[in-house]
Amino acid sequence: MRGIIFLLLVLLTIQMGHASEPDSAYIFAYSTTKNDNHNGLHFAWSLDKKQWQGIGQERTYLWSDYGRWGSQKKMFDPDLYRSSDGDWHCVWGLNDNDGVFAYASSGDLISWKSQSYPLVYPEGNLKSPLLSYDHKSGEYTIVWQSDKNTVGNYGVKTKDFKTFSTPQKTAYFDKKETVTLEGESLRGTIHKVEWAQIEKLLNADKLEELKQKLYSERPAEDTILFAGLKSVEGTLSLSEDKPRKISDLFMGVFFEDINYAADGGLYAELIQNRGFEYSSTDRKEWNSLSYWKKSANEVQLNIDSISPVHENNKHYLTMMAPKGQGVINEGFDGVPILAGEYYDVGIYARTKDQNTDYLIVQIIDSTGQVISEGKTRQVSNKWGQYEITLQTNVTMSNAQVLVMTENGTAVDLDMISMFPRNTFHNRKNGMRADIAQTIADMKPKFVRFPGGCVAHGDGLENIYHWKNTIGPLESRKGQRNLWGYHQSYGLGYYEYFQFCEDLGAAPVPVVAAGVPCQNSGHHGHPIGGQQCGIAMEDMDAYIQDILDLIEYANGDKHTTWGRKRAEAGHPEPFDLKYIGVGNEDLITDIFVERFTMIYKAIKQKYPNINVIGTSGPFYEGTDYVEGWKLADSLEIPLIDEHYYTSPGWFIHNQDFYDKYDRTKSKVYLGEYAAHISGRASTIETALAEALHLCNLERNGDVVAMTSYAPLLAKQGNTQWNPDLIYFDNISVKPTVGYYVQQLFGQNSGDEYLFSSLELVNSDIAVKRRIARSVVRDTKTGDLILKLVNLLPVEVRLKADFSPQQYQGGVVEAKVLTGNIQDRQAMPKTARLNMGNLILEPYSLSIIRLKAK
Ligand code: AHR
């Protein structure tokens with residue numbers, strides 16, 4: 001009771017205005033064990049250090065970003081210190097194992113600079129760090145407790161939180177205090193601050209609360225919000241303002257090998273683990289024989305690595321099997337076959353000793369029934385490649401492939417491969433035709449590759465190195481895919497560039513900025529734990545690799561790397577103009593140093609290549625701010641922004657890019673999607689994305705490139721949802737979100753025309769659920785209207801553009817509509833009247849008007 005009266009008095013004091021505000025108050029900084037210590041730094045305040053009031057419902061002002069999502073990113077025992085310049089310095093513990101602490105600083109306790117994770121004590125672990133400052137020496141001291149390997153209390157000194165003294169045994173005095181907040185006893189640090197600081201925190205909390213309220217709005221719940229609403233009427237007219245140029249790369253695709261997008265997906269190889277290189281590094285339960293089995297008990301299968309086909313592809317199979325028996329591959333959830341299709345089989349083989357024999361290859365069904373069979377030429381005792389073609393007369397998603405010798409001779413086998421003859425553009429080692437065609441139907445202007453997190457990898461040793469992905473297939477050095485499987489690199493850089501060419505899309509490769517993924521689980525690197533970077537002495541070689549990639553794409557066929565491209569079958573350059581460096585990394589000193597080196601080297605050698613920088617994984621926050629700062633200082637041509645967020649965010653941030661400075665770097669919105677609980681692609685998410693695309697088109701001068709993410713997912717093998725295109729072994733299942741991308745891609749323009757939309761209904765909530773984009777395709781002269789109605793009622797518009805010499809009356813339109821939760825909707829053709837344009841509830845309508 002006393003507490004409530006006290007609080008009422010305080011609130012009253014505050015309400016009464018500035019004159020009676022206190023000069024100062026106390027702030028309590030703490031973290032909790034809730035949500036497994038993932039909830040970060042909270043504050044409470046007090047006037048007398050006795051009665052405490054939480055700021056927000058334990059609002060988080062600083063999240064810990066160290067390590068993997070889930071098992072890491074925890075905050076233990078934060079300790080704050082305020083330096084004489086007013087800056088706040090925070091250190092906190094990260095886990096029980098690593099000899100590392102976290103550090104961040106802030107001017108106002110609300111916006112925090114980049115976090116760093118100094119690895120000061122590799123000898124043991126580091127817990128409950130405490131921060132103090134010695135005015136005489138100008139040094140900070142961080143002391144901690146250690147209970148692994150070495151038990152005791154240790155400390156280091158630093159002036160800048162970048163270089164540290166050697167750890168010494170030291171005394172440890174816990175300066176944490178206990179505060180009771182809403183009946184809960186909490187440990188943290190107490191600091192006296194000016195009242196304005198408390199006010200700032202309270203305001204930040206209110207602002208955040210308001211934002212969260214808006215962003216959590218769900219069109220699926222709008223029937224309550226708009227209960228009394230009938231239809232909405234209005235007039236759409238073109239304005240006189242000068243049209244705005246839309247970038248010619250506006251819409252592209254983001255390809256990442258996630259969800260079995262490459263092996264088992266777009267890459268048309270049908271044999272899984274063809275090179276016997278799967279291992280427990282890829283997945284705990286895997287080994288070289290995963291997805292292979294004996295056709296009978298008497299078959300002996302062993303893995304060997306002496307004198308392999310290629311040193312990069314160490315393992316091969318040694319098989320001893322009686323006549324008529326052999327080894328069976330189960331494919332990726334089965335081997336799909338289509339009636340009437342040809343399948344090209346290739347196998348590396350050698351017989352044991354001086355024997356010779358023939359290989360028999362059969363496509364069989366699950367009962368062992370033979371569907372198709374072929375025999376190779378005679379196999380000798382030297383490695384050679386043996387090829388045959390099989391034809392099938394049935395369609396089946398789960399056939400298997402059996403390999404045996406004709407006479408039961410012992411053989412070594414490797415790189416057992418089977419491709420449908422019919423690949424996209426009939427490329428050898430090519431792409432699965434139906435998936436590739438679905439991508440092609442989006443008319444992408446560019447293809448980003450190979451990720452995503454796959455580009456920068458899970459730890460330094462997992463960074464994607466393009467040189468491992470080119471050349472003869474048997475020489476490619478596959479590796480663990482951080483999404484929990486194996487990447488063979490059969491779909492490597494050559495195939496990627498070729499695919500871009502077949503699509504008529506620009507290649508946009510992304511390389512790591514010398515640092516691995518910030519969510520890596522691999523720590524303890526001597527130069528900084530997580531986030532670590534490639535050692536400085538190795539950076540020159542790494543930068544050279546990036547320059548070599550550009551030469552591989554663009555160099556003359558007489559250059560070192562251009563020659564390799566020519567040898568692969570493409571003497572002409574691939575015309576690379578863009579390269580991404582980094583993928584939503586933490587913008588730390590380690591990142592900035594390496595990014596800058598790479599950026600300058602590319603700029604110097606290839607001034608015409610446009611480098612794309614990165615600004616973290618969100619639309620705000622430390623990495624966004626620091627990423628943009630770096631972009632400004634280096635004048636990076638483009639910055640890659642990422643955000644997966646709620647439909648409410650898209651609805652309430654329609655002017656996000658209107659505010660961007662046109663003189664600065666352009667934006668590549670490299671990853672975005674509307675996410676709802678359950679993570680499905682529905683009419684709700686798809687229309688939120690369509691609404692955003694309308695706003696992006698309006699800003700197509702500054703938002704030069706966009707790509708939804710991720711692109712592909714094999715059903716039953718997903719690590720991420722939603723994705724744009726799902727598939728199984730024989731069918732492709734585009735989502736509702738796909739059709740939005742397809743409709744925008746097929747109806748792109750190069751000029752944005754400003755328009756005004758006058759609605760009879762003046763409710764802002766109504767207004768925000770209707771979006772439009774009017775663009776012109778100057779090649780055809782067509783005017784293209786994209787109209788989004790995210791309301792549960794019809795919108796009726798007068799949209800007569802005949803004074804501007806465009807088609808009027810009844811016109812053809814493409815309409816994507818359905819129930820708000822619909823996951824199956826597809827565009828339909830409709831006839832709409834421009835004099836009374838009816839936009840169906842929850843719809844995207846695309847109208848293409850011919851110039852008269
Ligand atoms: O698109 C899936 C993942 O999301 C990407 O790999 C990563 O960049 C982002 O966090």
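The values are calculated or read from the model by the stated rules, or taken from the named source; none is laboratory data. Quick caveat, the model's predicted, so the values are computed rather than measured. Here Cβ is always computed from backbone atoms with ideal geometry, including for glycine, and neighbour counts include all displayed protein chains.
When the residues of the stretch 170-194 are narrowed to those that are among the basic types (Lys, Arg) and more than 41 Å from the chain's Cα centre (by Cα), which ends up farthest from Glu58 (Cα to Cα)? Step by step, filter the stretch 170-194, then rank; the result is Lys175.
Per the listing Tyr489, Tyr494, the residue uniquely among the hydroxyl-bearing types (Ser, Thr, Tyr) and either at pLDDT below 95 or part of a helix (DSSP H, G or I) (or both) is Tyr494. Under the condition of being modelled with pLDDT under 90 and crowded, with 20+ Cβ neighbours inside 10 Å, the residues counted in the stretch 507-527 number 5.
Every condition in (1) under 26 Å from Asn468 (Cα atoms); (2) away from the ligand (no atom under 16 Å from the Cβ); (3) not charged (D, E, K, R) holds for Leu238 except the one numbered (1). Look at (1) part of a loop (DSSP other than H, G, I, E, B); (2) farther than 19 Å from Tyr739 by Cβ and you find that Ile676 fails only one, number (2). Looking only at residues in the stretch 455-478 that are more than 16 Å from the ligand (Cβ to nearest atom) and outside any helix (DSSP H, G or I), the one that is nearest to Asp575 (Cα to Cα) is Ile470.
Hey, among the residues in the stretch 612-630 that are under 11 Å from Tyr668 (Cβ atoms) and outside any loop (DSSP other than H, G, I, E, B), which one's nearest to the ligand (Cβ to nearest atom)? Full working, then the answer.
Looking only at the stretch 612-630, we keep the residues that are under 11 Å from Tyr668 (Cβ atoms), and these are 612-615.
Now drop any that are not outside any loop (DSSP other than H, G, I, E, B), which leaves 612-614.
Numbers: Ile612: 13, Gly613: 14, Thr614: 9 Å.
Applying the filter and picking the extreme gives Thr614.
Here Glu584 clears all of (1) touching a residue at least 24 places away in the same chain (Cβ under 8 Å); (2) part of a helix (DSSP H, G or I); (3) in contact with an Asp or Glu (Cβ under 9 Å, 6 or more places away or on another chain) except the condition numbered (2). Restricting to the stretch 655-668, and then to whatever is buried (at least 22 other Cβ atoms within 10 Å of the Cβ) and in a strand (DSSP E or B), can you tell me which residue is nearest to the ligand (Cβ to nearest atom)? Applying the filter and picking the extreme gives Tyr668.
Of everything in the stretch 175-190 that's of a type in the set (Asp, Glu) and in a strand (DSSP E or B), which residue is farthest from Pro78 (Cα to Cα)? In this case the residue turns out to be Glu184.
Residues of the stretch 690-744 that are more than 19 Å from Val774 (Cβ to Cβ), more than 16 Å from the ligand (Cβ to nearest atom) and assigned to a loop (DSSP other than H, G, I, E, B): Gln715, Gly716, Asp728, Asn729, Ile730, Ser731.
Strands (runs of 3 or more DSSP E) wholly in the stretch 244-363 with at least 1 residues that are touching a helix residue (DSSP H, G or I) at 6+ places or on another chain (Cβ under 7 Å) and either within 16 Å of the ligand (Cβ to nearest atom) or charged (D, E, K, R) (or both) - which ones? I'd like the intermediate steps shown before the answer.
Values: elements: 292-294, 300-304, 316-320, 326-329, 335-337, 342-351.
So the answer is none; nothing clears 1.
In the stretch 280-289, the qualifying residues are those that are without any contact (Cβ under 8 Å) to a residue 60 or more places away in the chain and touching a strand residue (DSSP E or B) at 6+ places or on another chain (Cβ under 9 Å), and the one that is surrounded by the fewest Cβ atoms within 10 Å (Cβ to Cβ) is Asn287. Among the residues of the stretch 810-830, are any more than 30 Å from Pro734 (Cα to Cα), touching a Leu at 6+ places or on another chain (Cβ under 9 Å), in contact (Cβ under 8 Å) with a residue 60 or more places away in the chain and buried (at least 18 other Cβ atoms within 10 Å of the Cβ)? There is no residue in the stretch 810-830 that is more than 30 Å from Pro734 (Cα to Cα), touching a Leu at 6+ places or on another chain (Cβ under 9 Å), in contact (Cβ under 8 Å) with a residue 60 or more places away in the chain and buried (at least 18 other Cβ atoms within 10 Å of the Cβ). Apart from one condition, Glu221 fits all of (1) charged (D, E, K, R); (2) within 21 Å of Leu47 (Cβ to Cβ); (3) assigned to a helix (DSSP H, G or I); the exception is (2). Quick check: anything in the stretch 64-86 part of a loop (DSSP other than H, G, I, E, B), within 17 Å of Gly188 (Cβ to Cβ) and touching a strand residue (DSSP E or B) at 6+ places or on another chain (Cβ under 8 Å)? Checked the stretch 64-86: at least one residue is part of a loop (DSSP other than H, G, I, E, B), within 17 Å of Gly188 (Cβ to Cβ) and touching a strand residue (DSSP E or B) at 6+ places or on another chain (Cβ under 8 Å).
I'd like to know if the stretch 482-492 contains one or more residues that are away from the ligand (no atom under 16 Å from the Cβ), among the aromatic types (Phe, Trp, Tyr), under 28 Å from Arg594 (Cα atoms) and surrounded by fewer than 24 Cβ atoms within 10 Å (Cβ to Cβ). Looking for residues that are away from the ligand (no atom under 16 Å from the Cβ), among the aromatic types (Phe, Trp, Tyr), under 28 Å from Arg594 (Cα atoms) and surrounded by fewer than 24 Cβ atoms within 10 Å (Cβ to Cβ), one finds none in the stretch 482-492, hence no.
Of the residues examined, Arg421 is not one that is closer than 28 Å to Leu289 by Cβ and among the charged types (D, E, K, R). Checking the stated criteria, Gly504 turns out not to satisfy the condition of being within 14 Å of the ligand (Cβ to nearest atom) and on the phi > 0 side of the Ramachandran plot.
Considering Leu402, Leu413, which residue is more than 16 Å from the ligand (Cβ to nearest atom) and farther than 14 Å from Leu270 by Cα? Break it down stepwise before answering.
Values: Leu402 fails: farther than 14 Å from Leu270 by Cα.
None of the other options fit; the residue is Leu413.
For the stretch 639-654, the tally of residues that are assigned to a strand (DSSP E or B) and more than 14 Å from the ligand (Cβ to nearest atom) stands at 1.
Taking the conditions exactly as written (in contact (Cβ under 8 Å) with a residue 12 or more places away in the chain, over 30 Å from Ile110 (Cα atoms) and in contact with a Pro (Cβ under 7 Å, 6 or more places away or on another chain)), does Glu298 satisfy them or not? If you could, list the steps in order and put the result at the bottom.
Working: in contact (Cβ under 8 Å) with a residue 12 or more places away in the chain: yes; over 30 Å from Ile110 (Cα atoms): yes; in contact with a Pro (Cβ under 7 Å, 6 or more places away or on another chain): yes.
Considered against the rule, which asks whether it is in contact (Cβ under 8 Å) with a residue 12 or more places away in the chain, over 30 Å from Ile110 (Cα atoms) and in contact with a Pro (Cβ under 7 Å, 6 or more places away or on another chain), Glu298 comes out as yes.
Scanning the stretch 445-464 turns up at least one residue that is out of contact with any strand residue (DSSP E or B) (no Cβ under 8 Å at 6 or more places or on another chain) and surrounded by fewer than 16 Cβ atoms within 10 Å (Cβ to Cβ).
Every residue, every condition in (1) buried (at least 17 other Cβ atoms within 10 Å of the Cβ); (2) more than 19 Å from Gly580 (Cα to Cα), yes or no:
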| position | (1), (2) |
| --- | --- |
| Lys600 | no, no |
| Pro617 | yes, no |
| Arg679 | no, yes |
| Cys694 | yes, yes |
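Check the stretch 447-454 and report whether any residue there is in contact with a Cys (Cβ under 8 Å, 6 or more places away or on another chain), closer than 30 Å to Val515 by Cα and not in a strand (DSSP E or B). Yes: the stretch 447-454 contains one or more residues that are in contact with a Cys (Cβ under 8 Å, 6 or more places away or on another chain), closer than 30 Å to Val515 by Cα and not in a strand (DSSP E or B).
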